[in-house]
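The values are calculated or read from the model by the stated rules, or taken from the named source; none is laboratory data. A quick note: this is a predicted structure, and the numbers were derived from the prediction, not measured. Note that each Cβ is placed from the backbone with ideal geometry, even for glycine, and that neighbours are counted across all protein chains shown. These accessible areas exclude ligands, DNA and RNA; they are computed on the full protein's heavy atoms, side chains included. Shrake-Rupley method; radii C 1.70, N 1.55, O 1.52, S 1.80 Å.
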Amino acid sequence: MSISAPWVCARATILATVSVLLFSSHDALAFSPTTLRLSTFGGSLKNAAQSSGARSTNSALFMSASSKPRGSAATPLDKKSIAVFGGGGSLGGTIFGYLQRASNLYGTGIGGAAMPRNICACSEGSLRLNSILSKGFKLAFAGEQHMRLVDMSDVEHVAERLKGVDAVVVGTVCQLEPGRAVTGNTYEKTPNDKTTEFFLDEKRGFGDEMSAQEVGEQLDVHLNLFQTAIDACKLAGSVKHVVVLETPYTPSTEPFAKILDNSGLKFTYIYTNASAGGSEGPLPQWIQCKDWTFERGVQNIDGMSLESAALGGNYLSKPGYDAGDWASSLPELKRDNADIYREDIAALAVQSMLSLDWDTSRVIGLSCSGKDDEEEGDSGSAGRFRPSKPPKSDREWCMKSKLVADLLSVVN
């Protein structure tokens, strides 16, 4: 007995250590898989991966492959808090819903008290957000603790409400609704004060989409809103990464790229082939799936194609480089005419925070082709929504999100 007891104790210690290591490794990889799916990518990304990240002589962008994800899911115990600017819009509300689900699941690395946070101008943004959550996320609800009503003309006011936030999601050109009354007991100076509400990327179900002419006339307003959001992120001191979504009516990437470079913040810039800037012919549209809920998840995973490029750590100090120059050398996207679902863009934005390193700035281009899940199903709503067995969604923040993680596994 005196000889066997130490051996038993040592064996138990070794088994416990191995079990902890296996669990930690499995949990971290569960939300950021490293499976390579080159068949879904364009040739430029594949060739760049094979050439060990060759750098263009005229650009700060370089393309390379990384098999080691280092996003929030890599450190699941370190909960990251995230805020969304304009969560009352169609895209913003879907991103908020995904984040809200992810914050309640272990392994995503997203969470914190009263998170995620919706940044809006007045109570209209709160009402619109909850209408999206109740429909698409099975009666989910964002309470007062999730809302921050801000005066977008005051950088310090916005920064104060970003205290403690680790990452921010913001759009370039948002739909604006001027003339809204400032919600009482917030930042009003008189009872009749008015403000402009903003939505990422537009209000749902009202048919009052923006026009390119309208955006051109109000471009300075959109740039000022974007400048305020980025300056507030920097002033808050806690924001480590910014996810920027280039909306379809953005006339040019360059002015927004310049603002990002001047801030010094690390960012992920997501754009699509639906951008109106400098394009000819008909363009794909951002659309919403009819009767969508989070249980349907990603809509067009087989048709999604990504092009990506990372910015070198010292690209701002490169000789001859001016702020915003990377906007002129974005990876070219496929010119397919398939529309892009907002639900898929939202899933890509959230998964990028889970899978990709927050200490690297990058651009990701998304284009879609082929048919989506809705079109490939049986005709009629009854045929499309009749699953062989009820989907188990209690452990998924978005159904089929693992496939999006596979696409991002080669993004640096």
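For Tyr187, the conditions (1) farther than 24 Å from Val350 by Cβ; (2) in contact with a Gly (Cβ under 8 Å, 6 or more places away or on another chain) all hold with the exception of (2).
The rows are residues; the columns are (1) in contact with a helix residue (DSSP H, G or I) (Cβ under 8 Å, 6 or more places away or on another chain); (2) surrounded by fewer than 21 Cβ atoms within 10 Å (Cβ to Cβ).
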{"site": "Phe85", "(1), (2)": "yes, no"}
{"site": "Thr108", "(1), (2)": "yes, no"}
{"site": "Leu129", "(1), (2)": "yes, no"}
{"site": "Ala142", "(1), (2)": "yes, no"}
{"site": "Ser153", "(1), (2)": "yes, yes"}
{"site": "Leu162", "(1), (2)": "yes, no"}
{"site": "Gln175", "(1), (2)": "no, no"}
{"site": "Thr183", "(1), (2)": "yes, yes"}
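Residue check: is Trp358 at pLDDT 90 or above, aromatic (Phe, Trp, Tyr) and in a helix (DSSP H, G or I)? Here the answer is no, as Trp358 does not meet what is asked.
To keep it simple, each residue is scored yes or no on (1) over 23 Å from the mean Cα position of the chain (by Cα); (2) at pLDDT below 95; (3) open to solvent by less than 10 Å² (accessible area, probe 1.4 Å).
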residue: Gln218; (1), (2), (3): yes, yes, no
residue: Val242; (1), (2), (3): no, no, yes
residue: Ile259; (1), (2), (3): no, no, no
residue: Asn262; (1), (2), (3): no, no, no
residue: Lys266; (1), (2), (3): no, no, no
residue: Ile270; (1), (2), (3): no, no, yes
residue: Pro284; (1), (2), (3): no, yes, yes
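Considered as a group, the residues in region 110-127 that are open to solvent by less than 10 Å² (accessible area, probe 1.4 Å) and in a loop (DSSP other than H, G, I, E, B) include one that is nearest to Lys163 (Cα to Cα), and that residue is Pro116.
Hey, does region 303-310 have a residue that's touching an Asp or Glu at 6+ places or on another chain (Cβ under 8 Å), buried (at least 24 other Cβ atoms within 10 Å of the Cβ), outside any helix (DSSP H, G or I) and among the hydrophobic types (A, V, I, L, M, F, W, C)? For region 303-310, residues touching an Asp or Glu at 6+ places or on another chain (Cβ under 8 Å), buried (at least 24 other Cβ atoms within 10 Å of the Cβ), outside any helix (DSSP H, G or I) and among the hydrophobic types (A, V, I, L, M, F, W, C): present. The residue list Asp344, Asp291 contains one member that is farther than 13 Å from Thr268 by Cβ and open to solvent by less than 10 Å² (accessible area, probe 1.4 Å), which is Asp344. Only one of the numbered conditions (1) at pLDDT below 90; (2) crowded, with 21+ Cβ neighbours inside 10 Å is not met by Pro390, and that is (2).
Each row is one residue, and each column tells you yes or no for (1) open to solvent by 20 Å² or more (accessible area, probe 1.4 Å); (2) under 24 Å from Val239 (Cβ atoms); (3) part of a loop (DSSP other than H, G, I, E, B); (4) modelled with pLDDT of 50 or more.
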{"site": "Lys46", "(1), (2), (3), (4)": "yes, no, no, no"}
{"site": "Ala49", "(1), (2), (3), (4)": "yes, no, no, no"}
{"site": "Ser66", "(1), (2), (3), (4)": "yes, yes, yes, no"}
{"site": "Arg70", "(1), (2), (3), (4)": "yes, yes, yes, yes"}
{"site": "Gly92", "(1), (2), (3), (4)": "no, yes, no, yes"}
{"site": "Tyr98", "(1), (2), (3), (4)": "no, yes, no, yes"}
